[in-house]
1. Note down all Cβ pairs under 7 Å where the first residue falls in segment 249-276 and is free of Cβ contacts under 8 Å to residues at least 12 places away in the same chain, the second is in a helix (DSSP H, G or I), and they're at least six residues apart or on different chains.
2. From the list G285, G281, pick out the single residue that is surrounded by 14 or more Cβ atoms within 10 Å (Cβ to Cβ), closer than 17 Å to P36 by Cβ and of a type in the set (G, A, S).
3. Go through segment 24-43 and give me each residue that's surrounded by fewer than 21 Cβ atoms within 10 Å (Cβ to Cβ) and either within 13 Å of the ligand (Cβ to nearest atom) or without any contact (Cβ under 8 Å) to a residue 12 or more places away in the chain (or both).
4. Out of (1) surrounded by fewer than 17 Cβ atoms within 10 Å (Cβ to Cβ); (2) aliphatic (A, V, I, L, M); (3) more than 9 Å from the ligand (Cβ to nearest atom); (4) within 23 Å of the chain's Cα centre (by Cα), what's the single condition that is false for A67?
5. Within segment 5-23, which residues are among the hydroxyl-bearing types (S, T, Y) and more than 10 Å from the ligand (Cβ to nearest atom)?
6. Within segment 1-105, which strands (runs of 3 or more DSSP E) (wholly inside it) include 3 or more residues that are of a type outside the set (A, V, I, L, M, F, W, C)?
7. So the check is Cβ under 8 Å with 6+ separation or different chains; which pairs have a first residue in segment 8-23 that's not assigned by TED's automatic domain parsing to the domain that holds C267 and a second one that's within 7 Å of the ligand (Cβ to nearest atom) and in a loop (DSSP other than H, G, I, E, B)?
Amino acid sequence: MEKTDILIIGQGPAGLSAAIYTARAGMRTLIVGCAPKVAGDYEIDNYFGFTETITGKELIERGRAQAAKFGVEMRCDRVLAVHQNGEQKFVAKTEEGDIEATALILATGVSRVRPGIANLGDYEGKGVSYCVSCDGYFMRGKPVMVVGEANFAANQALELLQYTPSVQVCTQGKAPEMSEEFLWRLRESGIPVLQKKIASLAGNGGLEQVVMDSGEQIEAQGLFIAMGQASSNDFAYSLGLLRNGQFIDTDREQRTNIPGVFAAGDCVGRFLQISVAVGEGALAGRAAISHVKESRRANLDK
Ligand SMILES: Cc1cc2nc3c(=O)[nH]c(=O)nc-3n(C[C@H](O)[C@H](O)[C@H](O)COP(=O)(O)OP(=O)(O)OC[C@H]3O[C@@H](n4cnc5c(N)ncnc54)[C@H](O)[C@@H]3O)c2cc1C
């Protein structure tokens, strides 16, 4: 498995800023993430130090070049799941393989993808879940459905097979965006991909059926939401991070409640601006450096 000192999920201002600090301090640093939304022809007028307007694209390119100068490895890849292993390290499963890290910085921005199911909230904790590794166990032998159109949903569906053979994927009417390999694995595992839209949920006390916009009802006692790509929220669920609504809870040093996991930028939800993301990235980078050093010292003592 590939190993690094610090894994940063997100290649936006927060992730790049954190990486510049960690790599300059001599830490092996890997960023996984593709171009952030702001990296287009948007004019950025309020970022410190630019009297001429700079575009988001150019600002991010400059950040990438600066990170590369200090030896940061950057990869456009998607993280599908993260967990902590027995050695107190973090393992990220990405579309291209697994990565083990001593410290993890979440800099994933905000996810705005919602499934658009009318009474979803009524069934949260009563069948609706956002985390297979947390709630899959409660669905042993029961019919379940995963909502999502991309590799994240496919991976969640395949993980559910360890608890139940009755798994389906519903794309909410979108064309499936899963890779050929994931589509093949779903087919081989007998998991149907329904290009349909769930309108609402039904059941007394707990989820029993999903109701399609056509009126069709499909039996499902578990509904796992996995739209788009995995977000910081999904990682929070599986790692046990405290949240504040949809945002990750951190202290002033960008430390989460799990030692070795830090978060910065929009996913922390303070002031959703580049300058704040850059500042929080620097703090997260500094805290991650301390964590790696402590972990090395502890290993030497052992
Ligand atoms: C169009 C637009 C214009 C804006 N204009 C301004 C402005 O003028 N001034 C200003 O200060 N702010 C502006 N903002 C806000 C600013 O862009 C954000 O506050 C800032 O980008 C947040 O940085 P971030 O690093 O936290 O997250 P983001 O920039 O959102 O980066 C998130 C990163 O996480 C990655 N990621 C997410 N999930 C995964 C996953 N599962 N696996 C791998 N990678 C993942 C993404 O690919 C991306 O690289 C604008 C935003 C937009 C969208």
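1. Going by the 7 Å Cβ cut-off, the qualifying pairs are R270/V276.
2. Going through G285, G281 in turn, the sole match is G281.
3. G26, C34, A35, K37, V38, A39, G40, D41, Y42, E43
4. In the conditions (1) surrounded by fewer than 17 Cβ atoms within 10 Å (Cβ to Cβ); (2) aliphatic (A, V, I, L, M); (3) more than 9 Å from the ligand (Cβ to nearest atom); (4) within 23 Å of the chain's Cα centre (by Cα), A67 misses (1) alone.
5. First, pick out the residues of segment 5-23 that are among the hydroxyl-bearing types (S, T, Y): 17, 21-22.
Hits for segment 5-23 are Y21, T22.
6. 2-9
7. Correct list of pairs: empty, since none qualify.
So that you can scan it fast, the table gives a plain yes or no per residue for (1) in the same structural domain as Q209 (by TED's automatic domain parsing); (2) farther than 30 Å from N299 by Cα:
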| residue | (1), (2) |
| --- | --- |
| V32 | no, no |
| D45 | no, yes |
| L59 | no, yes |
| T94 | no, no |
| T102 | no, no |
| K126 | yes, yes |
| S133 | yes, no |
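The values are calculated or read from the model by the stated rules, or taken from the named source; none is laboratory data. Computed from a prediction, not measured in an experiment: that's the story for all the values here. Reconstructed Cβ throughout: ideal geometry from the backbone, glycine too, with neighbour counts over all protein chains shown.
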